[in-house]
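Have a look at the structure below, then the notes.
The values are calculated or read from the model by the stated rules, or taken from the named source; none is laboratory data. Keep in mind it's a predicted model, so treat the numbers as computed, not measured. No Cβ is skipped: glycine too gets one built from the backbone with ideal geometry, and neighbour counts run over all protein chains shown.
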Amino acid sequence: MTKSLITTALLTSALALTACSKVHNTEGTVQGQSFKGIINGETVSASDDIAKTTVQIFTFQVAHDDAGRALVRGVAGCTGTLLAEDILLTAAHCTTENPYYIILYFSNEAPKDFKAFMASINTNPLVRRVVGGKVGTQWPKLVSGKVGDWGDIALLKFEGGIPEGYQLAELLPAKEKLAVDQPITLAGFGITDGIKQTPSTQLLKVDVTILDPTYTKTEMVIDSGDKGPCHGDSGGPAYVTGSDGKKYVAGVTSRADVRNDPRGLCIGDTLYTKVQPHAAWIKRSMKSLQSPTFKPALIPQPQGG
């Protein structure tokens, strides 16, 4: 597995494709399902705890030519939440097999000039290199037609620590229960119009409610449509207020609810991976990623995904 962040050939290809790539979207599908950004949201101020825990993710969609050279076919944008000085929580579909093709950008504003951003990623002090990751145990087993319990959750290990001004988020404790109509705050860097594919220029958030907290054992449905997540918000946090008045991460943005948004146009409800059923997996995976004996490895992806 290559250890270079972005090779010369890779960077050249990425720059060539920037103009036509939907770099702020999580374009593409897994098993025919579209993935979901914040519509009708509000700007997250720099003093907001959400701004201090939320990070942009860029995943390079890479192919290899006959000579074995890595060529970028596109760049997909996602969102993640800081859990440790070197660990980010996101969706499994925001990962790719080779972790070195994923970078993190610590800024509450999206790159204004993506070509210039790409040219500077090896020296940009706000960019961090991903060196490993873990995906939910069900994710590598995902098959066509599976309705729920995708295991669409992931942890990314990165180098360089977190920049000044950032802090760690807390996961919803097991004792806290999720309920129908419970207020929930979503955040992300996704597009602001699912039809026009309008990219966001900054981190946004929106307050909505939980529609079904027990859609599956590991997933919940968020009441969205006229306001809520869209492409690029994938992997982003869903915050609820606990009984102690603190804000906790309860879920991770996964995908459109195909029952009322079959084309993934961000006009229906959204499925979120719940963190509570994955608490033991998160703890175990973080321990593995932070082990002194940690060695980078490929991130398992769905068969044919």
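Which one is nearest to the chain's Cα centre (by Cα) among residues in the range 253-305 that are loosely packed, with under 14 Cβ neighbours inside 10 Å and within 14 Å of Ala92 (Cα to Cα)?
Within the range 253-305, the match that is nearest to the chain's Cα centre (by Cα) is Leu298.
Among Asn108, Asn98, which is the only one that is polar (S, T, N, Q), within 19 Å of Asp233 (Cβ to Cβ) and surrounded by fewer than 24 Cβ atoms within 10 Å (Cβ to Cβ)?
Going through Asn108, Asn98 in turn, the sole match is Asn108.
So, Lys247, is that one surrounded by fewer than 20 Cβ atoms within 10 Å (Cβ to Cβ) and more than 21 Å from the chain's Cα centre (by Cα) or not?
no
For the range 89-104, what are the residues that are assigned to a strand (DSSP E or B) and either farther than 16 Å from Phe189 by Cβ or in contact with a Lys or Arg (Cβ under 8 Å, 6 or more places away or on another chain) (or both)?
Ile103, Leu104
To keep it simple, each residue is scored yes or no on (1) at pLDDT 95 or above; (2) touching a His at 6+ places or on another chain (Cβ under 6 Å); (3) small (Gly, Ala, Ser); (4) under 20 Å from Ile87 (Cα atoms).
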{"residue": "Ile153", "(1), (2), (3), (4)": "yes, yes, no, yes"}
{"residue": "Glu159", "(1), (2), (3), (4)": "yes, no, no, yes"}
{"residue": "Ile184", "(1), (2), (3), (4)": "yes, no, no, no"}
{"residue": "Thr198", "(1), (2), (3), (4)": "no, no, no, no"}
{"residue": "Val208", "(1), (2), (3), (4)": "yes, no, no, no"}
{"residue": "Ser224", "(1), (2), (3), (4)": "no, no, yes, no"}
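Is there any pair with a first residue in the range 246-269 that is assigned by TED's automatic domain parsing to the domain that holds Gly232 and farther than 28 Å from Thr53 by Cβ and a second that is among the polar types (S, T, N, Q) and surrounded by fewer than 17 Cβ atoms within 10 Å (Cβ to Cβ) whose Cβ atoms are under 8 Å apart and which are 6 or more apart or on different chains, and what are they?
From the range 246-269, the pairs are Ile267/Asn260.
So which of Lys112, Lys157, Lys134 ends up being basic (Lys, Arg) and closer than 16 Å to Gln56 by Cβ?
The unique qualifying residue is Lys112.
Considering each residue of the range 35-82, count those that are assigned to a loop (DSSP other than H, G, I, E, B), modelled with pLDDT of 85 or more and β-branched (Val, Ile, Thr), and give that number.
Within the range 35-82, residues that are assigned to a loop (DSSP other than H, G, I, E, B), modelled with pLDDT of 85 or more and β-branched (Val, Ile, Thr) number 1.
Given (1) at pLDDT below 95; (2) surrounded by 13 or more Cβ atoms within 10 Å (Cβ to Cβ), where does Glu219 come up short, assuming only one miss?
The failed condition is (1).
Residues of the range 226-235 being crowded, with 24+ Cβ neighbours inside 10 Å and either at pLDDT below 95 or over 19 Å from the mean Cα position of the chain (by Cα) (or both), which ones?
Passing the criteria: Gly228, Pro229, Cys230, His231, Gly232, Asp233, Ser234.
Cβ-Cβ under 7 Å, sequence separation 6+ or interchain: first residue in the range 136-151 and at positive phi, partner at pLDDT below 95 and part of a loop (DSSP other than H, G, I, E, B). Which pairs?
none
Filter the range 152-180 down to the residues that are surrounded by 23 or more Cβ atoms within 10 Å (Cβ to Cβ) and of a type in the set (Gly, Ala, Ser) and list them by number.
The one that is surrounded by 23 or more Cβ atoms within 10 Å (Cβ to Cβ) and of a type in the set (Gly, Ala, Ser): Ala154.
Being of a type in the set (D, E, K, R) and within 27 Å of Thr270 (Cα to Cα) is true for just one of Glu85, Glu159, Glu164, Glu170. Which residue is that?
Glu170
Residue check: is Gly188 surrounded by 14 or more Cβ atoms within 10 Å (Cβ to Cβ) and at pLDDT below 95?
Yes, satisfied.
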